[in-house]
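Visitor: The following block contains the structure, expressed as structure tokens.
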Amino acid sequence: MEIKIMSIEIIKPSSPTPAHLRNHKSFLPSDAGFGDFMPAPIIHFYSAQSKDAMKISSHLKTSLSKTLTYYYPFAGQAKDGVFDCNDHGAIFIETQVVGDEMSKLVQKRDNNLFKQLLPLKGNTQEISTTYSKANLLVQINYFSCGGIVITICYNHILVDGTTAAYFVKSWAEFAHGANDIKDVVVDCSSVYTPYNAYASVRSLYEQNHCDYSPTELVGKHFMFDGGKIAALREKIGSGPHLNHLTHFEAIAAFISGVLIKNADKGTREFTSKQIAAAIAINLRNKVNPPLPPQSLGCLTSTAIAKLPINEEIDYNYLAAEVHKAVKNVVDQYKSNMHVDGPVKGLENSTVIHFSDISRMPFYEADFGWGKPILVSLVSLNVKAVCLLPTSDGVGVEAFIVLTKEEMAKFEQDPEFLSYAKPFVSKRARL
């Protein structure tokens, strides 16, 4: 697959940002250890269009400019945890894709192929230096079949999955002719203050092997349909440690247990004593008073569940540990608006990041040519499990990133395949 860059532009907000809104403080403190730019790429696939590419291009640029007026920190620049909302603009790249049909990419669900469709192919350092600390990079990839792939590389210091979903939804609303959008809350500082929750994440990274080269990891998609999720919740919830599981608790415990069961205890990954499940928690409805879902920012905390690597797998116990870790963080936020610092006992852990954005409105982003046929994350260098929505709104699609050795065993496990199936879509209608 060859990607030919046709144009690179800077898209500024349609209206200038007022002077009193120039400084926007990140909810991730500057000492969180992530620098000023942490890429969070999301990729959106759309079926073939009958419209002229030049009209599509103009339409997307104009509507993006209007959207940036409301999401003005996205058009600014970051430095030391503070965002200068100086209307520097978002980077807008257009490419022509040669050599692959979009339908094949949708069918393969190949994370490494998806990376090729990112700005600068997802090279974090090159993005940061080339684009002068821009907070938003958009790449529109035109396929010869008429299909379009919109990849958006957000700055995770500023954006979480909820913000990303509502941003692209708002952009699509402007593309549909909306004159404004409601309920976008940019300044949440009156009810939400910077916190030290990411001290635990720093501890994980300092004490354990967490970053991998792109050649070590493989990302694959698996489908849990509604019936299988219900069966998992019933199976795992019938135990002494926890009842009434959420879909996330059931799936997270199940995936962790299967991974532990198939662990080769002699490998680099599993000389450890436990899995440290780093679980992202959306805090918008956890603070008092609650924040609307359109609130802008990385308004999340991280719970760390310590899941022991034992010979016998107790899924109910694993689910209870996930539940307990999340509840502990949520309870602290309800009472103190912060967490009490890093979790202890994280050394010698195998780290896996867990998140759940399966209820977010990514598939509502219709720019005038239909809703996306696929929305996916693109993992760059960490092991992760992310629960994604599906195009039909039924079930959950799990995007799982493991080492190649782990994945080879994981995806062939009979118990796992009795509840989840490798996602093989029908040929996309192009």
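Visitor: Out of the residues in the range 334-387 meeting the condition of being touching a strand residue (DSSP E or B) at 6+ places or on another chain (Cβ under 9 Å), at pLDDT 90 or above and among the small types (G, A, S), tell me which one is nearest to I400 (Cα to Cα).
Guide: So, considering only residues that are touching a strand residue (DSSP E or B) at 6+ places or on another chain (Cβ under 9 Å), at pLDDT 90 or above and among the small types (G, A, S), the one nearest to I400 (Cα to Cα) is A384.
Visitor: Select, from D84, D110, the only residue that is touching a Lys or Arg at 6+ places or on another chain (Cβ under 8 Å) and open to solvent by 10 Å² or more (accessible area, probe 1.4 Å).
Guide: Values: D110 fails: touching a Lys or Arg at 6+ places or on another chain (Cβ under 8 Å).
Residue meeting the stated conditions: D84.
Here's the yes/no breakdown for (1) modelled with pLDDT under 95; (2) in contact with a Ser or Thr (Cβ under 8 Å, 6 or more places away or on another chain):
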| residue | (1), (2) |
| --- | --- |
| M1 | yes, no |
| H20 | yes, no |
| H24 | yes, no |
| F37 | yes, yes |
| D52 | yes, no |
| L60 | no, no |
| T67 | no, yes |
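Visitor: I've got another one for you. Considering only residues that are of a type in the set (D, E, K, R) and at pLDDT below 85, look in the range 113-126 and name the one that is least open to solvent (accessible area, probe 1.4 Å).
Guide: E126
Visitor: Looking at the range 397-421, I want the residues that are closer than 22 Å to G226 by Cβ and free of Cβ contacts under 8 Å to residues at least 60 places away in the same chain and have a partner that is open to solvent by 40 Å² or more (accessible area, probe 1.4 Å) and outside any strand (DSSP E or B) with Cβ atoms under 9 Å, at least 6 apart or on another chain. Which pairs are those?
Guide: Pairs found: L417/E411; S418/K228.
Visitor: Taking the range 363-388 on its own, how many of its residues are over 24 Å from Y212 (Cβ atoms), surrounded by fewer than 23 Cβ atoms within 10 Å (Cβ to Cβ) and not small (G, A, S)?
Guide: 6
Visitor: Are there any pairs with C-beta distances below 8 angstrom linking a residue in the range 102-119 that is of a type in the set (G, A, S) to a residue that is part of a loop (DSSP other than H, G, I, E, B), with the two at least 6 apart or on different chains, and if so which?
Guide: Taking only residues 6 or more apart or on different chains, the pairs are S103/C145; S103/G147; S103/R427; S103/A428; S103/L430.
Visitor: OK, next. Give the range 400-422 a look and list any residue that's among the basic types (K, R) and part of a helix (DSSP H, G or I), or say none.
Guide: Looking only at the range 400-422, we keep the residues that are among the basic types (K, R), and these are 404, 409, 421.
Once the filter is applied, which keeps residues that are among the basic types (K, R) and part of a helix (DSSP H, G or I), the range 400-422 yields K404, K409.
Visitor: Another question, then. Which one of V149, V218, V168 is surrounded by 18 or more Cβ atoms within 10 Å (Cβ to Cβ), at pLDDT 95 or above and not in a helix (DSSP H, G or I)?
Guide: Only one candidate passes the filter, namely V149.
Visitor: Can you pull out the residues in the range 304-323 that are at pLDDT below 95 and under 23 Å from the mean Cα position of the chain (by Cα)?
Guide: Answer for the range 304-323, where residues must be at pLDDT below 95 and under 23 Å from the mean Cα position of the chain (by Cα): I304, A305, K306, L307.
The values are calculated or read from the model by the stated rules, or taken from the named source; none is laboratory data. Please read all numbers here as calculations on a predicted model, not as lab measurements. Here the Cβ is made from the backbone with ideal geometry for all residues, glycine too, and neighbour counts use every protein chain on show. The accessibility values were calculated without ligands, DNA or RNA, using every heavy atom of the protein model including side chains. Shrake-Rupley method; radii C 1.70, N 1.55, O 1.52, S 1.80 Å.
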